[in-house]
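The values are calculated or read from the model by the stated rules, or taken from the named source; none is laboratory data. Nothing here was measured: the structure is a model prediction, and the numbers come from that model. Here Cβ is always computed from backbone atoms with ideal geometry, including for glycine, and neighbour counts include all displayed protein chains. Just the protein is used for accessible areas: all its heavy atoms, side chains included, with ligands, DNA and RNA removed. Shrake-Rupley method; radii C 1.70, N 1.55, O 1.52, S 1.80 Å.
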Amino acid sequence: MATNTLRLLKELSDIQKNPDQAIYVSYKEDDITNVKALIIGPPDTPYEYGFFEFNMQFPRDYPTSPPKVHAITTNGGRTRFNPNIYAGGKVCLSILGTWRGEAGEQWSSAQGIESVLLSIQSLMSANPFENEPGFEGGGQKEKNYKKEQEQYCHKIQHETFRISILQRLEGYMRINPSTGRVNPVEDISHLSPAEREAEEQKRTHLEPFTDLCKRLFRYYYHIYMRTISKERERIQDVRHFTIMPFEYGGNQMAGKFSYHELERRMNAVKAVIDAEGEMWAKQGAEAAKKDEGMSASLQLQFSQTYQHFLTKYEGTVMLELVEDNPFCWRMIYIGRPMTILDGGLFRIKLILSQRFPEEQPRVIFETPIYHLNITSDGVPYYRPRKADDIKSHIEALIEVLENEQLSPDPRTWMNLDAAQLYFGKPEEQREYRKSFRRAVQRSTEY
């Protein structure tokens, strides 16, 4: 195996094993020189929690030469998301050789996939206006561009919602943006057997980031809606975007604001994703009746996992199948004595797809809880050590509940009000603990 192939495989494997919650990669084993990457927009920027896709092509002499990177999230080549990320897909970075840069900023073989993607992510700053040469520090020829900077951020934020999140998810799930309804699957009965088989395989194939984006949407939905509600009050609908001094022709971000429309489409996407989880449970129940697919395997996994937690967490964790459905598990957590969870009883449901682990479980806290890592409607942020092991998912959920030293990383904050208290002043921290304990005490009522 060639040296550059070994290098690529190691880099890709390292990213996939330990994603930093912002950078993801996908590739086909028969062509690892063609890599798809997804960058999640950083918090507290106009790109916040958007989904930005890039193609990376690696030359034969990599890492002597850098990869070629092409932006995919451009609204079909019509939208420029950054002074350095063009509508046509060009990414201007000195380490890629697409921008002159300063001495020492050029590519070297010590750099790699992660450094390239982190460099692109760094362009998605709180004030991307200043990425344009000549406009650093706020102005060209000492002119104050503060108003333009704000207008630029406003339209990027709007299009992050519309293009990078909604357009992508609506495409994945065949949602009509105008009605919010799922378009019917096209009839293929008129095709030849070979054509039907090819079309069915195409339909069952998932785009590499489909499930990831759905999961992230469930995490950040309330944060999206919070921002949309705030901007809807501040920015008038149908107001046209301001064209920036460095935008021109087909290399710009043109359009108009419509936050009411974004709110409607966000709610429609959430409804479809929620319904999809319930559909998994129904399909799983039908498969179990017929003893089809992976139902027998899941039944065995449940028996083994049940015994594991019965032994390791005696009196704390119990498992059951919801209505004897091996695709729908329920974890019952009983708070340990002398801990902040003492007296609590929480029910958590895990719904599995017949495509598991390609599609990860949909997890919901059936018992309400006040926690900065869990949304107000019960969606937890958690990271299993082994995505293909249900036991690992359950252990990660236990860790979410029992961990008293919560992460300061805002990407893990699912309840912003709770996070503000937890990381606030001493009196605010006390209020967080009181609210948490109240939820624990009420948990037995559900």
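Scanning the stretch 389-446 for residues that are farther than 30 Å from GLN299 by Cβ and among the basic types (Lys, Arg) returns ARG411, LYS425, ARG430, ARG433, LYS434, ARG437, ARG438, ARG442. Within the stretch 270-278, identify whether any single residue is open to solvent by 60 Å² or more (accessible area, probe 1.4 Å), among the hydrophobic types (A, V, I, L, M, F, W, C) and more than 30 Å from VAL238 (Cβ to Cβ), and answer yes or no. No, the stretch 270-278 contains no residue that is open to solvent by 60 Å² or more (accessible area, probe 1.4 Å), among the hydrophobic types (A, V, I, L, M, F, W, C) and more than 30 Å from VAL238 (Cβ to Cβ).
Can you say whether VAL317 is open to solvent by less than 40 Å² (accessible area, probe 1.4 Å), farther than 20 Å from LEU212 by Cα, in contact with a Phe, Trp or Tyr (Cβ under 7 Å, 6 or more places away or on another chain) and of a type in the set (A, V, I, L, M, F, W, C), as far as the supplied structure shows? Against the criterion (open to solvent by less than 40 Å² (accessible area, probe 1.4 Å), farther than 20 Å from LEU212 by Cα, in contact with a Phe, Trp or Tyr (Cβ under 7 Å, 6 or more places away or on another chain) and of a type in the set (A, V, I, L, M, F, W, C)), VAL317 qualifies. Number of residues in the stretch 44-64 that are more than 18 Å from ASN131 (Cα to Cα), within 16 Å of the chain's Cα centre (by Cα) and either assigned to a loop (DSSP other than H, G, I, E, B) or of a type in the set (S, T, N, Q) (or both): the value is 2. Within the stretch 157-205, being in a helix (DSSP H, G or I), polar (S, T, N, Q) and modelled with pLDDT of 65 or more holds for GLN157, THR160, SER164, GLN167.
Residues in the stretch 285-305 that are of a type outside the set (Val, Ile, Thr), in contact with a strand residue (DSSP E or B) (Cβ under 8 Å, 6 or more places away or on another chain) and modelled with pLDDT of 95 or more: PHE302 alone. For the stretch 167-182, taking the residues that are among the basic types (Lys, Arg) and closer than 22 Å to GLY50 by Cβ, the one that is farthest from the chain's Cα centre (by Cα) is identified as ARG174. Of all residues in the stretch 416-423, at least one satisfies being out of contact with any Lys or Arg (no Cβ under 8 Å at 6 or more places or on another chain) and of a type in the set (Phe, Trp, Tyr). The number of residues in the stretch 388-412 being part of a loop (DSSP other than H, G, I, E, B), out of contact with any Phe, Trp or Tyr (no Cβ under 8 Å at 6 or more places or on another chain) and surrounded by 15 or more Cβ atoms within 10 Å (Cβ to Cβ) comes to 0. All told, ILE39 falls short of being under 29 Å from GLN151 (Cα atoms), open to solvent by 40 Å² or more (accessible area, probe 1.4 Å), among the β-branched types (Val, Ile, Thr) and in contact (Cβ under 8 Å) with a residue 12 or more places away in the chain. The residue that is surrounded by the most Cβ atoms within 10 Å (Cβ to Cβ), among those in the stretch 376-387 that are closer than 22 Å to THR227 by Cα and of a type in the set (Gly, Ala, Ser), is GLY378.
Looking for something under 23 Å from LEU12 (Cα atoms), of a type in the set (S, T, N, Q) and more than 25 Å from the chain's Cα centre (by Cα) - is there at least one such residue anywhere in the stretch 111-128? For the stretch 111-128, residues under 23 Å from LEU12 (Cα atoms), of a type in the set (S, T, N, Q) and more than 25 Å from the chain's Cα centre (by Cα): present.
Checked against (1) touching a Cys at 6+ places or on another chain (Cβ under 6 Å); (2) open to solvent by 10 Å² or more (accessible area, probe 1.4 Å), PHE51 passes all but a single condition, namely (2).
On inspection, THR45 does not qualify as among the hydroxyl-bearing types (Ser, Thr, Tyr), surrounded by fewer than 21 Cβ atoms within 10 Å (Cβ to Cβ) and farther than 28 Å from GLN252 by Cα.
Residues in the stretch 330-360 that are within 21 Å of the chain's Cα centre (by Cα) and surrounded by fewer than 16 Cβ atoms within 10 Å (Cβ to Cβ): ARG355, GLU358.
I need the full set of residues from the stretch 55-91 which are open to solvent by less than 30 Å² (accessible area, probe 1.4 Å) and among the β-branched types (Val, Ile, Thr), in order please. VAL69, THR73, THR74, THR79, ILE85, VAL91, listed by residue number. Considering the conditions (1) within 27 Å of ARG438 (Cβ to Cβ); (2) open to solvent by 60 Å² or more (accessible area, probe 1.4 Å); (3) aromatic (Phe, Trp, Tyr), TYR306 is excluded by exactly one of them, (1).
Residues satisfying the criterion are absent from the stretch 14-25 (criterion: open to solvent by 10 Å² or more (accessible area, probe 1.4 Å), without any contact (Cβ under 8 Å) to a residue 40 or more places away in the chain and more than 18 Å from the chain's Cα centre (by Cα)). Residue-level check: of (1) assigned to a helix (DSSP H, G or I); (2) modelled with pLDDT of 95 or more, GLU114 misses just (2). Scanning the stretch 222-249 for residues that are open to solvent by 70 Å² or more (accessible area, probe 1.4 Å), within 19 Å of LEU166 (Cα to Cα) and assigned to a loop (DSSP other than H, G, I, E, B) turns up just one, VAL238.
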